[in-house]
Amino acid sequence: MTEIHRPELHITPEHGVLDAPAGVLLDGNDWHVFYQYRPEVPGPARWAHTVSQGDPFSWFECDDVLAPVGGELTVRAGSVVPIDGEGEQDANLYFTSVTSGGTNIQLAKMRELTADCPLSEDRAALNPAVNRVSAVLETQEGFQRFRSPCVVPNWETPVDREAGHAGWLMLALTGDAETPTPVIATSQDGQSWDLQGELEFDGEIGLDLSPEEGQLSTIVAPRILRLRDEVDGEIYDILLLTLERAGIDISGYLVGTLRGTTFHVRSAFRRIDHGHDFTRPRNTNTTKGTTVRGSTIKSHNPADYYTEAALFGFINGIGRHDDPTEHPSLVEEGWANALTLPRMISLQDGRLYQTPPAGLPEAITSSERAHAYTVLCEVPSDEDSALTVSLFDADDNETARITHTGHTLSIDRSVGPSDRYRDEAPATAELADSDSDSLTIIVDGSTVEVFADGGCVAMTSRVYFAGGCSRIDASTTGAAKIERDWHRSGHEH
């Protein structure tokens with residue numbers, strides 16, 4: 001029986017609840033994604049491993065890599081980095097261990113990272129190539145409850161980023177859940193870590209600091225990546241932050257330079273996605289020799305690969321406050337939550353631009369039910385002009401509406417026949433002034449991802465279509481015009 005809600009090209013758990021992305025590793029053309037999930041609700045979380053060879057659309061499951069042991073209550077998300085083994089490619093898995101006494105950050109090693117990973121008939125089986133090593137950050141120097149590690153290569157020298165990398169850098173959280181403190185640690189070998197101190201900011205970050213000045217109260221899952229700005233040619237740090245605020249998650253980024261434990265801000269906080277359902281973005285680490293949009297990583301020279309990066313997000317608007325038992329996908333099909341497609345991101349004048357990955361149109365054409373619609377249009381910024389794109393279910397009911405007014409973009413789920421979103425306000429985003437307008441909409445199962453104006457705005461929302469999405473129609477009002485448009489859909493349509 002066809003699972004209508006389950007996307008074909010996105011990552012979902014075969015069964016159970018996906019809680020968060022854990023770590024992503026791109027090895028050549030093979031994508032390795034690790035995620036935190038619960039096989040049963042309620043129940044403890046584990047780490048799953050899924051792989052796609054050649055493109056980021058054809059996912060197949062591998063044996064899980066981590067599960068609670070001994071006195072652990074659960075294991076939570078972290079980070080995955082490549083390390084050189086004895087003539088082979090290995091990986092370090094940094095994860096959060098939760099016990100009755102609190103949390104700490106631990107290390108496990110995965111030998112011989114390969115796309116031909118085992119899948120046992122026993123769903124509880126763990127990959128024997130993964131072995132735990134030890135705790136790497138525990139209570140010390142007034143800091144406790146270490147968690148949510150993000151690990152990336154550190155710089156050879158803090159003053160010259162063109163010199164390449166040496167050792168590792170970790171961004172993590174400490175403290176209680178309501179008033180967490182981001183901290184920085186460093187390591188030469190990835191196993192012995194030195195805590196450097198609290199993360200501080202130099203410059204206006206564009207966020208409310210509460211309850212006390214200088215303390216970020218509701219930050220979860222911070223991540224860091226690097227990009228070279230296409231305008232000034234400099235390499236910057238991109239600090240990804242998710243704020244829990246008024247029952248919803250707001251994910252965004254700051255652009256600047258991390259020196260020691262101080263983040264020198266160039267561009268203040270901006271939303272990374274303005275849809276109903278996007279949180280906890282994750283960076284992608286890469287192995288040497290990996291190609292990202294034609295830029296081959298031949299060495300540790302940053303000039304080889306900081307032109308672009310890949311980013312995954314979690315399709316869920318309220319993160320840890322979510323009740324998965326209310327999801328139709330769990331009730332009807334036994335699974336809940338998905339990750340976004342990887343987004344290829346670039347930095348232009350302090351702003352991130354996000355675009356879908358290469359090969360997506362062909363993947364949609366080869367799918368059973370996925371859809372894509374791309375339109376080049378002209379939409380004047382006046383009260384009467386708009387481009388409206390309607391998404392219909394199998395009974396030909398309009399289920400979601402995407403509107404481009406020239407200065408705003410919105411997704412409205414309240415127009416559908418279900419009462420699920422009846423009283424919900426549309427998600428909206430401001431658009432930059434532009435001489436030309438563009439819009440790309442991807443519908444895959446119950447996921448809808450929208451990219452506008454060359455990727456300067458992205459919006460992700462979960463939409464449950466009765467019987468699946470059947471068609472996408474566009475119309476204009478006022479002086480708005482469709483210059484060109486393209487439809488692609490799975491071969492059943």
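Laid out as a table, the results:
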| read-out | value |
| --- | --- |
| Selection within region 110-135 - within 23 Å of the chain's Cα centre (by Cα) and either at pLDDT 95 or above or open to solvent by 80 Å² or more (accessible area, probe 1.4 Å) (or both) | Met110 |
| Within region 149-255, strands (runs of 3 or more DSSP E) holding 3 or more residues that are of a type outside the set (A, V, I, L, M, F, W, C) and over 25 Å from Gly101 (Cβ atoms) | 219-228, 235-245 |
| Matching residues, region 265-287, being open to solvent by 10 Å² or more (accessible area, probe 1.4 Å) and either among the hydroxyl-bearing types (Ser, Thr, Tyr) or without any contact (Cβ under 8 Å) to a residue 12 or more places away in the chain (or both) | Ser267, Thr284, Thr286 |
| Answer residue from region 455-465, given it is outside any strand (DSSP E or B) and either at pLDDT 95 or above or open to solvent by 50 Å² or more (accessible area, probe 1.4 Å) (or both) and is nearest to Glu430 (Cα to Cα) among those | Val463 |
| Checklist (1) within 24 Å of the chain's Cα centre (by Cα); (2) closer than 23 Å to Gly490 by Cα applied to Val375, failing item | (1) |
| Pairs with Cβ under 6 Å, 6+ apart, first in region 322-341 and touching a residue at least 40 places away in the same chain (Cβ under 8 Å), second surrounded by fewer than 24 Cβ atoms within 10 Å (Cβ to Cβ) and of a type in the set (Gly, Ala, Ser) | Trp335/Ser329; Ala336/Ser329 |
| All strands (runs of 3 or more DSSP E) inside region 1-92 with 3 or more residues being under 27 Å from Gly190 (Cβ atoms) and under 20 Å from the mean Cα position of the chain (by Cα) | 16-27, 30-38, 46-53, 74-84 |
| Meets criteria (modelled with pLDDT of 95 or more, out of contact with any Lys or Arg (no Cβ under 9 Å at 6 or more places or on another chain) and either farther than 30 Å from Asn92 by Cβ or crowded, with 16+ Cβ neighbours inside 10 Å (or both)) for Leu330 | yes |
| Qualifying positions in region 431-452 - of a type in the set (Asp, Glu) and either touching a residue at least 60 places away in the same chain (Cβ under 8 Å) or in contact with a strand residue (DSSP E or B) (Cβ under 6 Å, 6 or more places away or on another chain) (or both) | Asp437, Asp444, Glu449 |
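The values are calculated or read from the model by the stated rules, or taken from the named source; none is laboratory data. If you're wondering where the values come from, they're calculated on a predicted model, not measured in any experiment. Reconstructed Cβ throughout: ideal geometry from the backbone, glycine too, with neighbour counts over all protein chains shown. The accessibility values were calculated without ligands, DNA or RNA, using every heavy atom of the protein model including side chains. Shrake-Rupley method; radii C 1.70, N 1.55, O 1.52, S 1.80 Å.
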